[in-house]
Amino acid sequence: MNKKNIDIRVIFFFAIVLLIGIVLFIIQFFNHVECEDVKYYVFADHAQSEEAIEFYDKTDNAKSWKWDFGDGSDSDKRRHTFHVYKNPGKYYITLTINGDCSHTKEINVADKYASERLGAPEIIIPKVITEGQPTYFRSVSKTARTWEWAFGENRGIDETSPDPVYTFSSPGEKTITLVINGDFSTVAKKVIYVHPKALKKTNPLDVTSYEYEKDVADFSLPRGSAKKDPLEEMLQFVPVVPKSKAIKDSVVAIKKAPKISEDQFEILLNKVAEGSKVKDDFTDLLCDDLNIPVVKNDTKLLTFSELCTALKGQKIKIESIRLNKDKQNNCVKGLNISYKVKKYMIWIKD
């Protein structure tokens, strides 16, 4: 029986096919996008018509994007883009990644000119305003019953009359605000410039034309040795009264936190999980209170510091987040968060 030899070229061919298959599998594995793990953000918490809204995707292995803005406009194929809605209303944004995974999000676009249609007041002011001189203001509104004026120099309300008179104590740019009927949705604002008061130029004294009542010699002191001022010696025996600290009403400035949307807060929490952010990076947003209450996955109550510790080093997917803010200073006073962590290739509730 003759032993058949296997052609080395056949072995080489199958080895190449196997190698190509392995390479294609690796490429497919690293370019694969889990549709449930899509991370995209729409910064539209205070969206208004005729103003740009930011769209941004941060999905791993994403190679192509298609944004459908839901208003009939052309789709956008950039990863980071902006879009302007001409009309207010409710819109559904759809993002398609790698031509396969599609996700839809609803946004509400407010009417930019709603306050004008609701009867926002108009502020009438003079063309030239000078420091130290009375300035007359006038409001124009058909529905106004109460007026709250702030002239940009003090905290709080300065006047409550419809046609106030105000004297600016310092020059510079000032922001005038007027609220009618206590409705802050119809606030009127106007930026003005207060000119510094004009200084009158005085003529220098002409010594040559000055007429003395006496001869100049009568004003000179007699020559002699210098003597000690008797007032200095007398003051040595005057008892010293301890200084009293004047108690003044100090106006405590209210610390205001920077504005942040829920999508932006979600990005920061993802960075905490990645290790590029820590809890101290949230100090300004939380107004120095890192122990605000956090409701996690609708079941567990913990502090914000404990949440940051739990997120660190985890691969997370945030499903929803809601911030509870103080309306007066914009500080985040609490939050509700629902998220999953990836363990052993499976997404589970933490």
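The values are calculated or read from the model by the stated rules, or taken from the named source; none is laboratory data. Worth saying up front: this structure is predicted, and the values here are computed from it rather than measured. Positions of Cβ are backbone-derived with ideal geometry, glycine not excepted, and every protein chain shown enters the neighbour counts. Each accessible area value is taken on the protein alone, full model and side chains, heavy atoms only, with ligands, DNA and RNA left out. Shrake-Rupley method; radii C 1.70, N 1.55, O 1.52, S 1.80 Å.
When restricted to residues that are surrounded by 15 or more Cβ atoms within 10 Å (Cβ to Cβ) and not in a loop (DSSP other than H, G, I, E, B), the range 306-332 contains 12.
Considering the range 263-286, the residues that are of a type in the set (D, E, K, R), open to solvent by 40 Å² or more (accessible area, probe 1.4 Å) and not in a loop (DSSP other than H, G, I, E, B) include one that is farthest from residue 329 (Cα to Cα), namely 274.
Quick check: is even one residue across the range 40-54 modelled with pLDDT under 90, part of a helix (DSSP H, G or I), among the hydrophobic types (A, V, I, L, M, F, W, C) and open to solvent by 40 Å² or more (accessible area, probe 1.4 Å)? Looking through the range 40-54, none of the residues is modelled with pLDDT under 90, part of a helix (DSSP H, G or I), among the hydrophobic types (A, V, I, L, M, F, W, C) and open to solvent by 40 Å² or more (accessible area, probe 1.4 Å). Counting only residues that are closer than 12 Å to residue 54 by Cα, assigned to a strand (DSSP E or B) and open to solvent by less than 90 Å² (accessible area, probe 1.4 Å), the range 77-92 holds 4 of them. Each residue in the range 129-155 was checked for being within 30 Å of residue 111 (Cβ to Cβ), open to solvent by 50 Å² or more (accessible area, probe 1.4 Å) and at pLDDT below 85, and 3 pass. Among residues of the range 294-305 being out of contact with any helix residue (DSSP H, G or I) (no Cβ under 9 Å at 6 or more places or on another chain) and not in a loop (DSSP other than H, G, I, E, B), the one that is modelled with the highest pLDDT is 303. Of all the listed residues (336, 291), the sole one being of a type outside the set (A, V, I, L, M), under 27 Å from the mean Cα position of the chain (by Cα) and not in a strand (DSSP E or B) is 291.
Scanning the range 158-194 for residues that are farther than 15 Å from residue 121 by Cβ, in a loop (DSSP other than H, G, I, E, B) and open to solvent by 50 Å² or more (accessible area, probe 1.4 Å) returns 169, 171. The residue that is nearest to the chain's Cα centre (by Cα), counting only those in the range 57-76 that are of a type outside the set (Asp, Glu) and open to solvent by 70 Å² or more (accessible area, probe 1.4 Å), is 66.
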